[in-house]
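Worksheet: the structure to be examined is printed underneath.
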Amino acid sequence: MVVNLAVLAWLFAKGPNLGVDFAGGTMVQLKFQQRTTIPDIRQALETIDLGGSTIQEFGQEGAFEFLVRVEKVGLEIAALGDQMKKALSAKFGADKFEIRRVEFVGPKIGEDLRWRGTLSVIAAMAMMGVYIWVRFASAFGAKFGLHFGLGAVIALIHDVLVTVGALMLANYEFDLTVVAALLTIVGFSVNDTVVICDRIRENLRKIRRESLESIINTSLNETLSRTILTTGTALLVLLALYLLGGAVIRPFAFALLVGFVSGVYSTIFIASPVILLWEKSFRR
Amino acid sequence: MRRGVLTRVIIFSVLALLSVLFLAPNFLGKKDSTGKTEMPNWWPDFLPSDAIHLGLDLQGGSHLVLEVKLDKAIENHIERLKSDLTNSIRDKGISGVSVERVEGTQLEIKVATASVDRVRSILKADFANLSEAKTPQTSASGTDFVMTLNREETRALRDYIVDQSLETIRNRIDQFGVSEPVIQRQGLNNILVQLPGIQDPQRAKDIIGKTALLEFKLVDDNVNPEDAAKSGAPPGRQVLFGQVGKGVAGASPAKVPYVLEARTLMTGEYIKDARVRPGEQLQGPYVELILNDQGGRLFEQITAANVKRRMAIVLDNNVYSAPVIQERIGGGRASITGSFDIKEARDLSIVLRAGALPAPVEIVEERTVGPSLGRDSITQGLTSFVVGGALVVLFMVAYYKGAGLVADVALVFNVLFMAAVLAGFQAVLTLPGIAGIVLTLGMAVDANVLINERIREEIRAGRAVRSAIEAGYQNALPAILDSNITTFLSGVILFQFGTGPIKGFAVTLCIGILTTVITAVYLTRIYYDYRIGARRLERISI
């Protein structure tokens, strides 16, 4: 709970590190053939009026790759890549560097993407909640199903927040692939919630004697190995992706890694207690 | 049971064969000069012959979104309506009416009381595309109407302009020789352009984005250009600039003002063709315009009426040149000279040939990936696929032994089917798409884990092996379906929301889920059913 609030607070105070996809602006990825320093690059680019710009290293050590990020938006921005090419050629020589990638997003589109991104994550979480509710309502009746649904949604919100927090901690940029990762996390993390709820439902049918609490407990224990295993296999591949997939896909892999891990313990430590709490207050 | 097994084995073998056929072009075909795959001669025509389409982030290329700026076009349209209305009123002999364009897209019509009814009837009869923007104000002297374009007309105009722009852009791109460009309408006023493998994205952007409105206007030599540039143009005249020379060492070339008559004598819509011609001696290359019949006649009239005056050739409000009209020019040819190099001349001819854009466009999104990054991404993607796959395979065997091996075989088929579906539907593979395939590897074994864990449980609880397998599959199925449905749902949301590479991820994710259910559940079941049917099953390696 505390972690959630902390992340929320941080989110509103500082704001996540938005990539060009959401903030608008231009990003150029450069690769040099030999050792170059950031001040060198900045000096070369002085001839162009870049406004506020940041230059940072990108990718592995020894790759000599840099990201130049320009916030300014204006009529000339679309030609920025070309201007940069000329300026850098003048200082370093045209064959000593390469523009690997250019991304430019105008402010209107950036805003539109921001809006759609947030909306889709919220919509996905809501949909999952409804799905679980419907799925289990048929077995238990609407009220109970609702509890399952709510528990699942709260666990999902937690997962998303934790992932966002981790991304901010690691200072990764938020771009479209990060939102894609969040949506995948929403879809996947609800899996183990479903499995456990399924088990709870089965046990409730079989074991009539005991209290809800101990039934939930038993169900958790029974499914624990399975949950850890599935997430484990997914983590295996994600680790391969994170380490070997290259810098472009790395934030995506990182988000998925954090999100999946969070998914496991959120189901155990959050969804189930929530169901319990609701039930208790309901029975009272 | 045996028959059931055989049928299923046959079905899966057929599927596997189909998959191999779908994937064959990737290995057998060779890419020709336009990027299409060519199959060797013995490959029958009815079999698929397209290699997997790579997304821009793997192939290299540019993705552009252009916004069509409709405001200007709508203003021009209103301006035309204004002159139509003025003419119509004058022809009917109605007096006491003034029509002015205000606030960009509105017409203010001031009518003296006597003429109000007649004006109203004209508006209703001939100008039904106008509707009242504000309620008419009536005073002692007359009524003021404020009209604007009504909604259907605006929408129709918008659609027309965007479609026209799309066609013009398509014409321009056709002349570059990019293989398989994508040019589509996106949303209400955006155009999506994708140019795979483009070598010079800046040139492409320049050509695509140019409004390319060519105008012929007369130069007014009676007014001093320098003065007019400083203090503003006299009524009916405008000041436009041209450049002289190329500029020295990276500095911008000097700008020279011209005073022109604001009236446009002729526009580029009469151009039938535009060709680059080498110039004589010092002149450098120039662009020769070939006008259509109507244009030829019009040009002849203009030149005949204005011999010895200078005519400015203006492109997008830049004066390219302003030669003196020596004599009447028939034959429908004109030429544009300037300080071009051959590349500029060629690009100009492309743009003039394809025609002007009906409204200016602005680039609002660009994603360009160079080919080297694309290649690296493919390598990195494949590496993580191989390593991730190996890890999963090893793990399954280590933990579930025989049953793990069965699951691994199903995994191989899973990937085979996924790749075949991608190739078959000509879906585009992107870097996140590869990540999606890798992720599917990890999630596919999820189903097998569920089943195997259940089987283990049942065996531990004392069931006979055969019924344990039965029970394992039965009990695990609902949970498997649920979890895959939820992930599929988020895949669908991703597909709706995402662009380009993200869509690629959503596609592979969803395809992966479908193939996972088929292979991990049904394929492995075939194996167990076979074992069960073959002989009495005492133990299984699990």
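Rule-based calculations on the coordinates, nothing more; no lab input. Just so it is clear, the structure is predicted and the values come from calculations on it, not from any experiment. Note that each Cβ is placed from the backbone with ideal geometry, even for glycine, and that neighbours are counted across all protein chains shown.
General observations
- Peptide A:194-203 - average C-beta neighbours from other chains (10 Å radius): 3
- Cα Rg, Dmax (largest Cα-Cα span) when computed across region B:71-152, Å: 12.0, 36
- Size-normalised alpha-carbon gyration radius of region B:88-210, reference 2.2 N^0.38 Å: 1.64
- Projected-area average for region A:81-131 over all orientations - Cα convex hull basis, square nanometres: 5.4
- Cα-Cα separations in region B:140-235 greater than 18 Å, expressed as whole percent: 67
- Square roots of five times the Cα gyration tensor eigenvalues for region B:107-176, Å: 39, 10, 10
- Per residue, the convex hull volume that the Cα atoms of chain B enclose (Å³): 251
- Gyration tensor verdict on the protein assembly as shown (Cα atoms; rounded if a/c is under 1.5, prolate if a/b is larger than b/c, oblate otherwise): prolate
- Mean per-residue shielding of peptide A:119-128 is 3, counting Cβ atoms of other chains within 10 Å of each Cβ.
- When peptides B:319-332, B:163-176, B:64-77 are sorted by average Cβ neighbour count within 10 Å, with the highest value leading, the order is B:64-77, B:163-176, B:319-332.
- P(r) weight above 16 Å for region B:214-342, C-alpha pairs, percent: 65
- Kirkwood Rh (inverse of mean 1/r, distinct Cα pairs), region B:364-522, angstrom: 16.8
- When only alpha carbons of region B:252-317 are considered, Rg and Dmax amount to 14.1, 39 Å.
- Sequence ranges B:198-208, B:112-122, B:516-526, ranked by mean other-Cβ count within 10 angstrom, highest first: B:516-526, B:198-208, B:112-122
- The mean count of C-beta atoms from other chains within 10 Å of the C-beta of residues in B:443-450, rounded to a whole number, is 6.
- Diffusion constant of region B:338-398 at 10 °C, which comes from Stokes-Einstein with the Kirkwood Cα-pair radius and 1.306 mPa s, µm²/s: 93
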